[in-house]
Amino acid sequence: MKKPGVLIIGHGSQEQTWVESVDDAVSRLNLPDDLPVEASFLELVEGRLIQDGINRLEAQAVTDILVVPLFVSSGSTHVDEIEYAIGAKEAPERETDLEPFQVTARVHFGYPVDNDPDIAVMVWDKVKSMSREPKQETILLVGHGSIHDGFRQRWENGISSLAQRVQDVSGVAHTDYALLNPESVYDKAKYWSQEQGTRVIVAPLFLSAGYFTMNVIPGRLKELDYAYSGETLLPHPLLGNWLERQIQLLLDRCNEGKALS
């Protein structure tokens, strides 16, 4: 008889408030009472790493682990290495130092955020207080990106589609995206502010605040005119909606006897 359990995996952060925001979202999930849920992290959160989460689930006799990767893009190399290390695919696309985890249960691997409609609403909610005249504004989504072939394309596909969704919900004149890797932030912001004459609102596509949102992005935009709060996607109540839909998808696949990866 199957007994599924949920493992939500985030990158991890030294900011305790971010870990708390994930835990708060998990605590509010509307799920079956008999479905155990663990939130774990790739690094930086002692006692809450991925193997810790696996161990806690398997200690509850879980036969199937439904893995939800809490990352903003399927272009993240972390998603690739976690999917491999947890046994959801035979080999990583890029070499990794992440050792395979000890896992006995069957693994069903889900999808990162990418261009989800709820995430578009979250992006807009985080920047709309800076909007003054939407018809003269451009929202520029800024993501981490990747220099690696294959991963870069996934980043671009997801964030470009998400930018279109943000335009639909916000009503601003334009939306666009830029990546830190390979660098396009300065050129995109300059194009929309100086060449097109729009007011640029920069929206960081990061789950938690840190070095990239507080230092790298402002550093790339020096001498340009733009609006930026540095506020990241979390905390936000809609994260729970996204998690619930991901878990239900995985649960359906589990019940059908299919592995999702």
Would you be able to say whether some residue in the stretch 29-38 is at pLDDT 95 or above, farther than 18 Å from Leu239 by Cα and surrounded by fewer than 20 Cβ atoms within 10 Å (Cβ to Cβ)? yes
Residues that are surrounded by fewer than 16 Cβ atoms within 10 Å (Cβ to Cβ) and touching a residue at least 12 places away in the same chain (Cβ under 8 Å): does the stretch 198-212 have at least one? no
Which residue pairs have Cβ atoms closer than 8 Å, lie 6 or more positions apart in sequence or on different chains, and pair a first residue in the stretch 71-94 that is under 26 Å from Leu239 (Cβ atoms) and open to solvent by less than 30 Å² (accessible area, probe 1.4 Å) with a second residue that is among the charged types (D, E, K, R) and assigned to a helix (DSSP H, G or I)? Ser73/Arg154; Gly75/Arg152; Gly75/Arg154; Gly75/Glu156
Can you go through Ser229, Ser160 and tell me which one is under 30 Å from Leu29 (Cα atoms) and touching a residue at least 60 places away in the same chain (Cβ under 8 Å)? Ser229
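So, in the stretch 147-194, how many residues would count as being in a helix (DSSP H, G or I) and either open to solvent by 40 Å² or more (accessible area, probe 1.4 Å) or more than 20 Å from Arg132 (Cα to Cα) (or both)?
Qualifying residue count, the stretch 147-194: 24.
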Can you give me the number of residues within the stretch 1-31 that are within 15 Å of Asp64 (Cα to Cα) and out of contact with any strand residue (DSSP E or B) (no Cβ under 8 Å at 6 or more places or on another chain)? 1
Test Val103 against the stated conditions and say whether it is at pLDDT 95 or above, aliphatic (A, V, I, L, M), over 20 Å from the mean Cα position of the chain (by Cα) and open to solvent by 40 Å² or more (accessible area, probe 1.4 Å). yes
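Tally the residues that are of a type in the set (A, V, I, L, M, F, W, C), outside any loop (DSSP other than H, G, I, E, B) and over 13 Å from the mean Cα position of the chain (by Cα), restricting the search to the stretch 1-17.
2
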Of everything in the stretch 198-247, what is farther than 20 Å from Asp114 by Cβ and in a helix (DSSP H, G or I)? Give them in sequence order. Tyr211, Met214, Asn215, Val216, Ile217, Pro218, Gly219, Arg220
Residues satisfying the stated conditions in the stretch 39-64, i.e. within 20 Å of the chain's Cα centre (by Cα) and crowded, with 17+ Cβ neighbours inside 10 Å: Ala39, Ser40, Phe41, Leu42, Val45, Arg48, Leu49, Ile50, Gly53
Given (1) open to solvent by 70 Å² or more (accessible area, probe 1.4 Å); (2) more than 20 Å from the chain's Cα centre (by Cα); (3) farther than 27 Å from Leu31 by Cα, index of the condition Glu256 fails: (3)
With the checklist (1) modelled with pLDDT of 95 or more; (2) within 24 Å of Val67 (Cα to Cα); (3) not β-branched (Val, Ile, Thr) in hand, flag the one item Glu137 doesn't pass. (2)
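The values are calculated or read from the model by the stated rules, or taken from the named source; none is laboratory data. No experiment lies behind these values; they were computed from the predicted model shown. Using ideal geometry, Cβ is built from the backbone for each residue, glycine included, and neighbour counts are taken over all protein chains shown. All accessible areas refer to the heavy atoms of the entire protein, side chains included, with ligands and DNA or RNA removed. Shrake-Rupley method; radii C 1.70, N 1.55, O 1.52, S 1.80 Å.
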